[in-house]
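Once you've had a glance at the structure underneath, I'll fire off some questions.
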Amino acid sequence: MENLDQQPQLRTLLQPESIAVIGASERSGSVGHQTMENLQTGGYPGRLYAVNPRYDHICGVRCYPRLDDLPEAVEHVVLALGDANVEAGLDAAIAHGARAATIFTGLFLEDDDEPLLRDRIARKIEDAGLLVCGANGMGFYNFSDGVWICGFDTRDNHLRGGNVTLISHSGAGMSGIVDCEERIDFNLAVSTGQELSVSMDQYMDWALDRSETRVIGLFMETARNPAGLIAAFEKAVRKGIPVVVLKVGRTELAARLAVSHSGAIAGRDDAYQALFDRYGVQRVQDMDELATALMMFAQPHPIAPGGLVALHDSGGERQLLIDLAADMQVPLAPIEPATEGRLRQLLDPGLPPVNPLDAWGAGGPDADDIMCDCLAALMADPNAALGAVVQDRAPRGALYHHYFDYLRAGHAASGKPVFLVSNRQGSGTDPAAVEMTRAGFPIIDGLRPFLVGVRCLLGWRDFRSRPVSEVKSADPATVDRWRRRLAGGGVLEEYESSKMLRDFGLPMNRARLVDGVAPLRQAAREFGFPLVLKTAEKGVLHKTDSGGVRLGLGTEEQLEAAYADFARRLGPRAMVAPMVDARGVEMVIGLVRDSQFGPLVMLGFGGINVETVRDVAYALPPFDAATARRLVDSLRSRSLLDGLRDRPPVDLDAFCIAAARFSTMAAALGDVIDEIDINPVIVHASGCVAVDALVVGSRPPGMVVS
């Protein structure tokens, strides 16, 4: 499935000039009836036909017995039919000459024959070149053009002037936000279902070409068209349109459920995270966070440099925000001395002029004016990127309208975005929440979703400000030489693995292969003591487990005794290398190949506990040293690299340069490599050196490396 320019092709799917609903019905609550109602409620501007031999009219629209009885060939046919009838309906639509269709049903027959219904439907759609939304989806809402093709109920007060796109593999993932969140105005919402002919990236491509689109939200189970998804993310970056994604299927159980639920195969989550990082896609963890982030991106005011400033009327709730911001890595802005001075003039005695600010003192007739002026001072500070009024709702979930004055004052003083955040909404509602959000001052419920939204806004801002990555290409002759060597698959022994990595500029420890005492003594004279001796017999991948590694051999007698033991137990072939100073930090650089997105580079803390500790980050290759540094800075144990007690900081630049060179090699050879493990890479105060490596060439299907 290629990601071509889909705008003209998707017109007949998302903006059809004529629609026929097969299975239209007057039975209230049925999919056929709800589809007709939605098209009329949305103000569909084209020609609408109902098809059902049981009725003359449905919802005031003339009803025809069959598609062939229509006065014209329609562009889009909606199959509001059950599994037993959907294949016949599709056959009729194809014979009719329709160019697009929507299928709601799940395409499952209990007593079906091979090929199964879903496979038969998919083949017919492909052969006909039909654009299809579904199957096993809820349809879509093109709010901008008044095309509501959905077989389920929704609220009737959607606006046509929305700027948010929501594309969801889950039908409930779409309706759970679209149907009940009036603070978000959508231009397009799609339940993609099984994506039999149109995938998530193609809907994205269409939305990215709409001038009103300000942000795109994705509820994603998998990438059915990985190359197309990458192209869509690249297009979003070019156009400056942020993408927020809720990716499900992170755990083994959830991945299995994703398969059974909609035929999706959940990919390696590390690969998705690397993909999102490459293209600045902001990730959230649940639907509350997704809706909140979309709401916050939809507001019109640009984010400034700096961090968050917040105004409170409670010292305890201010401390709550400080704690949560620290946990969630949301930066709070340090305010300038001039701002402190201005706040000191405004605040009651005993209230410290700090950010976040508790500005509610003794109250009184001028208390609200003080709150307005304090927020204006905070927002005007050069370190403030955005602001928030964090307070509680009134009885029955109502909003205190004088809070709105605070928002307007803060924005007027700075031009920056400012949000009203309730610590808790409660069970009530207030229509003013929708009114103020649409006016550009979003009303947010809950500190955690709000802080996730702040993190997304700042993350997108920082991504946009990153310098262009400077990646050097690998030497073509070196690439060609090792491509030929790796083409047959299999495992490279450690010595050859090290040689390959050294050819690409990796700081591998020196080594010599020996097969007898004479070459062993020659290597010792070349390197000097202390030495490391490792078995190099083919097929021994886990040398330590087999007793095939001896460290710290300080004399010729110790070296020859160790070699005699290896020769007796494992064989005469061995590798000699200088003993590396272990007084550094053990790191790891590796490669795995993801089935959807290709080679994936891993870097982080290594050593014997790398799988247990799992403090690593992943990136799509190639990348530069600055990207490697940013990834290392995100690791949980990052402080270990700054030196402990009497140890100096390690040479992190050397490690990041090595990781960048590795990524260049991974990009050039990733299609002929399945795995690489360089562990450990010992990073010292000056430089780094890799002391062990394993390279596994790409394995043909069914091949097992023992």
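The values are calculated or read from the model by the stated rules, or taken from the named source; none is laboratory data. All values derive from a computational prediction rather than experimental measurement. All Cβ positions, even for glycine, are placed from backbone atoms using ideal geometry, and neighbour counts span all protein chains on display. Note: areas computed on protein heavy atoms with side chains; ligands, DNA, RNA excluded. Shrake-Rupley method; radii C 1.70, N 1.55, O 1.52, S 1.80 Å.
Go through 620, 603, 669, 631 for me and flag whichever is more than 30 Å from residue 531 (Cβ to Cβ) and in contact with a strand residue (DSSP E or B) (Cβ under 6 Å, 6 or more places away or on another chain).
Testing whether each residue is more than 30 Å from residue 531 (Cβ to Cβ) and in contact with a strand residue (DSSP E or B) (Cβ under 6 Å, 6 or more places away or on another chain) leaves just 631.
Sticking with this one: Whether any residue in the stretch 217-231 is within 17 Å of residue 10 (Cβ to Cβ), open to solvent by 10 Å² or more (accessible area, probe 1.4 Å), touching a helix residue (DSSP H, G or I) at 6+ places or on another chain (Cβ under 6 Å) and not charged (D, E, K, R) is what I want to check.
Among the residues of the stretch 217-231, at least one is within 17 Å of residue 10 (Cβ to Cβ), open to solvent by 10 Å² or more (accessible area, probe 1.4 Å), touching a helix residue (DSSP H, G or I) at 6+ places or on another chain (Cβ under 6 Å) and not charged (D, E, K, R), which makes the answer yes.
Could you tell me which of the residues 275, 311 is modelled with pLDDT of 95 or more, open to solvent by less than 40 Å² (accessible area, probe 1.4 Å), not hydroxyl-bearing (Ser, Thr, Tyr) and not in a helix (DSSP H, G or I)? Reasoning before the result, please.
Values: 275 fails: not in a helix (DSSP H, G or I).
Answer to the check: 311.
Quick test of your reading of the structure: residue 28 fulfils all but one of (1) farther than 25 Å from residue 109 by Cα; (2) surrounded by 13 or more Cβ atoms within 10 Å (Cβ to Cβ). Name the failing condition by number.
Single failed check for residue 28: (2).
Quick grid of which residues meet (1) open to solvent by 20 Å² or more (accessible area, probe 1.4 Å); (2) of a type outside the set (A, V, I, L, M, F, W, C); (3) modelled with pLDDT under 95:
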residue	(1), (2), (3)
43	yes, yes, no
48	yes, no, no
51	no, no, no
58	no, no, no
62	yes, yes, no
97	yes, yes, no
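Considering only the stretch 332-362, state which residues are open to solvent by less than 50 Å² (accessible area, probe 1.4 Å), out of contact with any Gly (no Cβ under 7 Å at 6 or more places or on another chain) and in a loop (DSSP other than H, G, I, E, B).
335, 353, 355, 356, 359, 361
Only residues that are among the aliphatic types (A, V, I, L, M) and free of Cβ contacts under 8 Å to residues at least 24 places away in the same chain: list them for the stretch 310-337, please. Spell out how you get there, then give the answer.
Initially, the stretch 310-337 is screened for residues among the aliphatic types (A, V, I, L, M), giving 310-311, 320-322, 324-326, 328, 330, 332-333, 335.
Correct list: 326 only.
Here's the yes/no breakdown for (1) over 33 Å from the mean Cα position of the chain (by Cα); (2) modelled with pLDDT under 95; (3) more than 12 Å from residue 410 (Cα to Cα):
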{"residue": "354", "(1), (2), (3)": "yes, no, yes"}
{"residue": "359", "(1), (2), (3)": "yes, no, yes"}
{"residue": "363", "(1), (2), (3)": "yes, yes, yes"}
{"residue": "373", "(1), (2), (3)": "yes, no, no"}
{"residue": "376", "(1), (2), (3)": "yes, no, no"}
{"residue": "379", "(1), (2), (3)": "no, no, no"}
{"residue": "382", "(1), (2), (3)": "no, no, yes"}
{"residue": "388", "(1), (2), (3)": "no, no, no"}
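I would also like to ask the following. In the stretch 489-518, which residues are open to solvent by 20 Å² or more (accessible area, probe 1.4 Å) and in a loop (DSSP other than H, G, I, E, B)?
493, 504, 505, 507, 509, 510, 515
Return a yes/no flag: does the stretch 287-298 have any residue that is in contact with a Pro (Cβ under 6 Å, 6 or more places away or on another chain) and either under 30 Å from residue 598 (Cα atoms) or not in a helix (DSSP H, G or I) (or both).
The answer is yes, given that some residue of the stretch 287-298 is in contact with a Pro (Cβ under 6 Å, 6 or more places away or on another chain) and either under 30 Å from residue 598 (Cα atoms) or not in a helix (DSSP H, G or I) (or both).
For residue 4, indicate whether it is in contact with a strand residue (DSSP E or B) (Cβ under 9 Å, 6 or more places away or on another chain), under 30 Å from residue 199 (Cβ atoms) and either surrounded by fewer than 22 Cβ atoms within 10 Å (Cβ to Cβ) or at pLDDT 95 or above (or both). Outline the logic, then answer.
Working: in contact with a strand residue (DSSP E or B) (Cβ under 9 Å, 6 or more places away or on another chain): no; under 30 Å from residue 199 (Cβ atoms): yes; either surrounded by fewer than 22 Cβ atoms within 10 Å (Cβ to Cβ) or at pLDDT 95 or above (or both): yes.
Against the criterion (in contact with a strand residue (DSSP E or B) (Cβ under 9 Å, 6 or more places away or on another chain), under 30 Å from residue 199 (Cβ atoms) and either surrounded by fewer than 22 Cβ atoms within 10 Å (Cβ to Cβ) or at pLDDT 95 or above (or both)), residue 4 does not qualify.
Name the single residue that is modelled with the highest pLDDT among those in the stretch 456-488 being surrounded by fewer than 16 Cβ atoms within 10 Å (Cβ to Cβ), under 18 Å from residue 696 (Cβ atoms) and not basic (Lys, Arg).
Looking at the filtered set, the residue picked out is 487.
Of the numbered conditions (1) touching an Asp or Glu at 6+ places or on another chain (Cβ under 9 Å); (2) open to solvent by less than 30 Å² (accessible area, probe 1.4 Å); (3) farther than 12 Å from residue 311 by Cβ, residue 390 satisfies every one except a single condition; which is it?
Of everything listed in (1) touching an Asp or Glu at 6+ places or on another chain (Cβ under 9 Å); (2) open to solvent by less than 30 Å² (accessible area, probe 1.4 Å); (3) farther than 12 Å from residue 311 by Cβ, residue 390 misses just condition (3).
Pick from 624, 692: which is closer than 30 Å to residue 539 by Cβ, of a type in the set (D, E, K, R) and touching a helix residue (DSSP H, G or I) at 6+ places or on another chain (Cβ under 7 Å)?
692
Keeping to the stretch 33-51, report how many residues are closer than 15 Å to residue 101 by Cα and in a loop (DSSP other than H, G, I, E, B).
0
In addition: Within the stretch 106-129, is there a residue that is surrounded by 14 or more Cβ atoms within 10 Å (Cβ to Cβ), at pLDDT 95 or above and in a strand (DSSP E or B)?
Taking every residue of the stretch 106-129 in turn, none turns out to be surrounded by 14 or more Cβ atoms within 10 Å (Cβ to Cβ), at pLDDT 95 or above and in a strand (DSSP E or B).
Of the residues 540, 549, which single one is among the β-branched types (Val, Ile, Thr), over 26 Å from residue 474 (Cα atoms) and modelled with pLDDT of 90 or more? Show your work before the answer.
Values: 540 fails: modelled with pLDDT of 90 or more.
The match here is 549.
Looking for whichever is touching a residue at least 40 places away in the same chain (Cβ under 8 Å) and acidic (Asp, Glu) here; the options are 26, 75, 87. Which one fits?
Going through 26, 75, 87 in turn, just one is touching a residue at least 40 places away in the same chain (Cβ under 8 Å) and acidic (Asp, Glu): 75.
For the stretch 541-556, enumerate the residues that are open to solvent by less than 60 Å² (accessible area, probe 1.4 Å), among the β-branched types (Val, Ile, Thr) and within 19 Å of residue 694 (Cα to Cα).
Correct list: 549 only.
What are the pairs, 6+ residues apart or on separate chains, where a residue within the stretch 440-468 that is on the phi > 0 side of the Ramachandran plot and touching a residue at least 40 places away in the same chain (Cβ under 8 Å) has its Cβ under 6 Å from a residue that is among the polar types (S, T, N, Q) and open to solvent by less than 30 Å² (accessible area, probe 1.4 Å)?
From residues that are on the phi > 0 side of the Ramachandran plot and touching a residue at least 40 places away in the same chain (Cβ under 8 Å), the pairs are 440/299.
Turning to a different aspect of this structure: Going residue by residue through the stretch 672-684, is there one that turns out to be assigned to a strand (DSSP E or B) and of a type in the set (S, T, N, Q)?
yes
Quick check on the stretch 429-449. Is at least one of its residues among the polar types (S, T, N, Q) and surrounded by fewer than 22 Cβ atoms within 10 Å (Cβ to Cβ)?
Looking through the stretch 429-449, at least one residue is among the polar types (S, T, N, Q) and surrounded by fewer than 22 Cβ atoms within 10 Å (Cβ to Cβ).
Confirm whether residue 588 is under 23 Å from the mean Cα position of the chain (by Cα) and at pLDDT 90 or above. First the steps, then the outcome.
On the way: under 23 Å from the mean Cα position of the chain (by Cα): no; at pLDDT 90 or above: yes.
For residue 588, the condition - under 23 Å from the mean Cα position of the chain (by Cα) and at pLDDT 90 or above - is not met.
Now for a separate question. Test residue 73 against the stated conditions and say whether it is among the small types (Gly, Ala, Ser), under 43 Å from the mean Cα position of the chain (by Cα), more than 16 Å from residue 134 (Cα to Cα) and not in a loop (DSSP other than H, G, I, E, B).
So residue 73 does not fit the description; no.
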